[in-house]
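A.B. asks: Take a look at this one; I'll ask things after.
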Amino acid sequence: WDFHLGFCLSMLRSLAGPPPAPLDCVRATELCAADAGCSSRYRTLRQCLAGRDRNTLLANRECQLALGVLQESPLERCRCKRGMKKELQCLQIYWSIHLGLAEGEEFYEASPYEPVTSRLSDIFRLASIFSGMDPATTSKSNHCLDAAKACNLNDNCKRLRSGYISTCSRELSATEPCSRRKCHKALRQFFDRVPGEFTFRLLFCSCKDPACAGRRRQTIVPSCSYEDKEKPNCLDLRGACRADHLCRSRLADFHTNCQATFQSLTNCPGDNFQACLGSYAGLIGFDITPNYVDASTTSITISPWCSCKGSGNMEEECEKFLRDFTENPCLRNAIQAFGNGTDVNLAPKIPNPATTVLPKVKSPVLLDDVNDSNTAYDTRASSAPEQGLKPNQSKEQSLCYSQAQLTTDVMPDQKTFTDPKAGSSRQRESRILLLIPILIPVLGL
């Protein structure tokens, strides 16, 4: 009964629907400006943050009051979208609030961007649709060359790629091989404006020979965008990045989506390879730009152009920061998964009835063909059809009705119960309340 109750409660939660999406920070500011109290406190906070550190801010009573009011406003929960029209303005608003809320300098900062919901399988599907390439013309050994050919068949991809290659390869003088600033700007435009089905293929193509791996490493023209005469200290590089709202946001997004976790099958947060690879691409075009350290075909090592030499008593923190690139199983698995054309298929997590201690009473035996495995993940090629779990056909499972069944069979007169257009929280709550009297007698509670 515990299993069936948990299953039914899960269905109730799904009917309640997901929490509302956060407002973007530009829109949240507009709403704040329409409220006299919020608008006044926001102006005060901006003055408090101007040229001051957090300790100075918290020592001022007016600053404390302003921060307290804004924590209850839409500004505290607002987020931004990568590539949105007013992205920089949105990020400036976000950090004006959250830098005041932060407990000093944090090693990992929360991403100011909305969570990524798409997955690698979506990229694979779009890549096959939009590549426009004849399979007979593709290379069997150099997938990076194939990626470049596919990019050239798309006008936008070809134009922006040619643009950054030209800018990053243009020699200014004997002592200045290129304009690093202009090169970075052109790279950011390419990776922000060209869809992932093209950029991911260029960055993460799989290689079996050094020529292919060398081409992959040269994708971002590293002689200009990546390498320098000397390697700066990694913590100095991080500090310079955090002084810029855009770079700070991209680094926080990388840490949010690529921070290795051993609580998941893939070592990635939410088992989302797509989110990690997108965050990685978002770092390209800044001084903290990462790249492949060599043209090896047997291992993948990623690093920004920096070292921990001269870190002093901060060496441990520096090494930890660097390992998030060089020894990151989430990032490595994501790159390999893309190169192999595979993704993680997230099957519904159904509790295993065998693990539940039941009273010693007679109960129906599970059918032999029922799949009661608690394995929640399956890695397969993206082109393979998804195999759903076989439904348990036992009588107990019929205690939990589908939404359509609840409407047509149980409550035929409640026409508004499953209105597909009803999206308000009040309507969702009413759905749950209507289900409770039905489920209690059925479950024998």
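A.B. asks: Here is the link list: LYS149/LYS231; LYS149/LYS208; LYS81/LYS320. Which ones come out longer than 26 Å on Cα distance?
C.D. replies: LYS149/LYS231; LYS81/LYS320
A.B. asks: Below 11 angstrom from the Cβ of ARG41, what's the summed charge of the other residues (Lys, Arg +1; Asp, Glu -1)?
C.D. replies: My count for the surroundings of ARG41 gives -1.
A.B. asks: Under a Cβ-Cβ cut-off of 10 Å, what is the net charge of the residues other than CYS207 that fall near it, where Lys and Arg count +1 and Asp and Glu count -1?
C.D. replies: Working: positive: LYS208, ARG215, ARG216, ARG217; negative: ASP209.
Its environment carries a net charge of +3.
A.B. asks: For SER162 paired with ASP209, estimate the spin-label separation in nm (one decimal), with each label point 7 Å from Cα along the Cα-to-Cβ line.
C.D. replies: 2.8
A.B. asks: Sorted by average packing, counted as other Cβ atoms within 10 angstrom per residue and highest first, what order do 174-183, 273-282, 69-78, 213-222 take?
C.D. replies: Numbers: 174-183: 13.4, 273-282: 25.6, 69-78: 17.8, 213-222: 19.7.
For the peptides 174-183, 273-282, 69-78, 213-222, the packing ranking is 273-282, 213-222, 69-78, 174-183.
A.B. asks: Sticking with this one: I'd like the Kirkwood hydrodynamic radius of the stretch 120-343, using the inverse of the mean 1/r over distinct C-alpha pairs, in Å.
C.D. replies: By the Kirkwood definition, the hydrodynamic radius is 18.0 Å.
A.B. asks: On a 32 Å Cα-Cα criterion, which of the cross-link pairs LYS185/LYS309; LYS85/LYS229; LYS85/LYS309 come out too long? All intermediate terms of the calculation are to be shown ahead of the outcome.
C.D. replies: On the way: LYS185/LYS309 29 Å; LYS85/LYS229 36 Å; LYS85/LYS309 40 Å.
Beyond 32 Å: LYS85/LYS229; LYS85/LYS309.
A.B. asks: Per-residue counts of other Cβ atoms within 10 Å, averaged by peptide: what ranking do you get for 164-172, 325-333, highest first?
C.D. replies: Per-residue Cβ counts within 10 Å, averaged per peptide and sorted highest first, yield 325-333, 164-172.
A.B. asks: Follow-up question, since we're still on this one. On a full-extension model of 0.36 nm per residue, what is the gain between ARG323 and GLN47, subtracting their alpha-carbon distance, rounded to one decimal in nm?
C.D. replies: In short, 95.6 nm is gained.
Values quoted throughout were computed directly from the atomic coordinates according to the rules given, and no laboratory measurement underlies them. This is a predicted model, so every value here is computed, not measured. Neighbour counts run over all protein chains shown; Cβ positions are idealised from the backbone, glycine included.
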